[in-house]
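The values are calculated or read from the model by the stated rules, or taken from the named source; none is laboratory data. A quick note: this is a predicted structure, and the numbers were derived from the prediction, not measured. Neighbour counts run over all protein chains shown; Cβ positions are idealised from the backbone, glycine included.
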Amino acid sequence: MTSAPEAASAPATPAAEPTGTPTAAPAAPRWHELADAVLAGRQVTAEEALAVLRAPDTQLMEVVAAASRLRFEHFGNKVKVNYLVNLKSGLCPEDCFYCSQRLNSTAGILRYTWLNTEEAVTAAKAGIAAGASRVCLVASGTGPSNREVGKVTDIIEAIKSDTPGVEVCACLGALKDGQAESLCASGADAYNHNLNTAESHYEDICTTHTYADREHTVAQAHGAGLSACSGFIAGMGETHEQLVELAFDLRAKGVDSIPVNFLLPFDGTPLEGVDTLNPRDCLRILSMVRFVAPDVEIRVAAGRERHLGNLQGIALYVANSLFLGDYLTSEGQPGAADLEMIADAGLEVLQMDTAVEGHDPQNQDDDNTAPASTRQDPVAIRTRGAGTSEPANA
Ligand code: SF4
């Protein structure tokens, strides 16, 4: 496990409890003291990070409130909105156990080869019009050929030409020498390559490549000048210790953004039916990552609707970034509902950088007001249940 610097004056670590065990709160919860220490520049210890994951439900809102102080210190009330464009779906020769696009997956997903430039730009523009300041161009597969990188650089150049202020992140798998530099030269801002799970758990979720292979690509992208985006998927049978191990490794690698996914157990994959998370666990995981990496963009990613459930909006007090709309092979909630959730939390969508040369504000809706509501009429008159012949809403 990657070790963390020890505290000069560590607050007492709260007693570890199994997740979800309702116990009486200690007389003086120390979560805000931990936030004070982090705000003063101290790195949390692995033991403290572990304690966050094991905080009892009775302390959960205290943990979230403390973690939110770090989030607001570094990101104010802004939420970065990202939009995924799946350039190539399915048909991957790798065997990542969690992935619906893996070798021999029988998940009923869309399978298609490369979108052309026009199709990709059209998809990207839909996300930008909805408020995204970053577009993530993703392709399944072990890694791209140089010809495929050329397809992506054409797409990046077209998107940047249309909307210069938007950030573009590429996610194409393992990179070969020179490919990160080509992406950078075309205008890409970032490269995503998730570590996915802890090194000590990697053999349990994939056999066709290694954790070290993934680390290598993260380093290549970073070395070429691309912002490093790398995160993980929680809920794949890892231990709390392994989640902490991974969070410290991501921090040590200096990544700029950490997507936190919660396992979607697709039918037709080896992790079909694996369902170990509850909404409070998800908040604890996000909070732990925030304590470990207080100034890093934390993106609540795939699985948030399913696993956070009614606590989704609270997650934004810890995470400062999300994907709008649909994911690579699964549907998210409506994009308008994502924007409404941000507004309901009293937060604002981070606008793209309008100082970029060539940016045309007419191309973007710079209005920060809440989107049209996706809710029902403010007062829906009851027409079912008692006094009617319609079934009750129960
Ligand atoms: S995660 Fe990526 S490399 Fe692994 S099976 Fe899915 S598409 Fe292939």
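Taking segment 205-215 as the range and being assigned to a helix (DSSP H, G or I) and within 14 Å of the ligand (Cβ to nearest atom) as the test, the residues that pass are Tyr211, Asp213, Arg214.
Residue-by-condition table, conditions (1) within 16 Å of the ligand (Cβ to nearest atom); (2) under 27 Å from Asp162 (Cβ atoms); (3) out of contact with any strand residue (DSSP E or B) (no Cβ under 6 Å at 6 or more places or on another chain); (4) without any contact (Cβ under 8 Å) to a residue 60 or more places away in the chain:
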{"position": "Gly41", "(1), (2), (3), (4)": "no, no, yes, yes"}
{"position": "Ala51", "(1), (2), (3), (4)": "no, no, yes, yes"}
{"position": "Leu60", "(1), (2), (3), (4)": "no, no, yes, no"}
{"position": "Asn82", "(1), (2), (3), (4)": "no, yes, no, no"}
{"position": "Phe97", "(1), (2), (3), (4)": "yes, no, yes, no"}
{"position": "Leu103", "(1), (2), (3), (4)": "yes, no, yes, no"}
{"position": "Thr117", "(1), (2), (3), (4)": "no, yes, yes, yes"}
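Applying a threshold of 7 Å to beta carbon distances and a minimum spacing of six or more residues, or different chains, the list of pairs starting in segment 202-218 at a residue that is within 17 Å of Leu250 (Cβ to Cβ) and ending at one that is part of a helix (DSSP H, G or I) and more than 14 Å from the ligand (Cβ to nearest atom) reads Tyr211/Glu199. Annotation note: of Thr208, Thr142, Thr197, the sole residue that is among the polar types (S, T, N, Q), more than 24 Å from Leu110 (Cα to Cα) and either at pLDDT 95 or above or crowded, with 20+ Cβ neighbours inside 10 Å (or both) is Thr197. Within segment 159-204, being within 19 Å of Glu238 (Cβ to Cβ) and not in a loop (DSSP other than H, G, I, E, B) holds for Asn196, Glu199, Ser200, His201, Tyr202, Glu203, Asp204. Going through (1) within 16 Å of the ligand (Cβ to nearest atom); (2) farther than 30 Å from Lys78 by Cα one by one, Asn192 falls short only on (2). Number of residues in segment 136-153 that are touching a Lys or Arg at 6+ places or on another chain (Cβ under 9 Å) and hydrophobic (A, V, I, L, M, F, W, C): the value is 3. Within segment 226-251, which residues are in a loop (DSSP other than H, G, I, E, B), under 16 Å from Tyr211 (Cα atoms) and of a type in the set (S, T, N, Q)? Correct list: Ser230 only. Could we say that Gly254 is over 16 Å from the mean Cα position of the chain (by Cα) and within 21 Å of Arg214 (Cα to Cα) here? Against the criterion (over 16 Å from the mean Cα position of the chain (by Cα) and within 21 Å of Arg214 (Cα to Cα)), Gly254 qualifies. Mind checking which residues of segment 296-352 are of a type in the set (D, E, K, R), without any contact (Cβ under 8 Å) to a residue 40 or more places away in the chain and either assigned to a loop (DSSP other than H, G, I, E, B) or in contact with a strand residue (DSSP E or B) (Cβ under 9 Å, 6 or more places away or on another chain) (or both)? Within segment 296-352, Glu331 is the sole residue that qualifies. Return yes when Ala55 is closer than 20 Å to Gln312 by Cβ, part of a loop (DSSP other than H, G, I, E, B) and touching a residue at least 12 places away in the same chain (Cβ under 8 Å) and no when it is not. Yes; evaluated as a whole, the condition is true for this residue.
Can Glu148 be described as within 15 Å of the ligand (Cβ to nearest atom), under 23 Å from Ala123 (Cα atoms), among the acidic types (Asp, Glu) and modelled with pLDDT of 95 or more? The answer is yes for Glu148. Checking each residue in segment 121-133 for being out of contact with any helix residue (DSSP H, G or I) (no Cβ under 9 Å at 6 or more places or on another chain) and either buried (at least 22 other Cβ atoms within 10 Å of the Cβ) or at positive phi (or both) picks out only Ser133.
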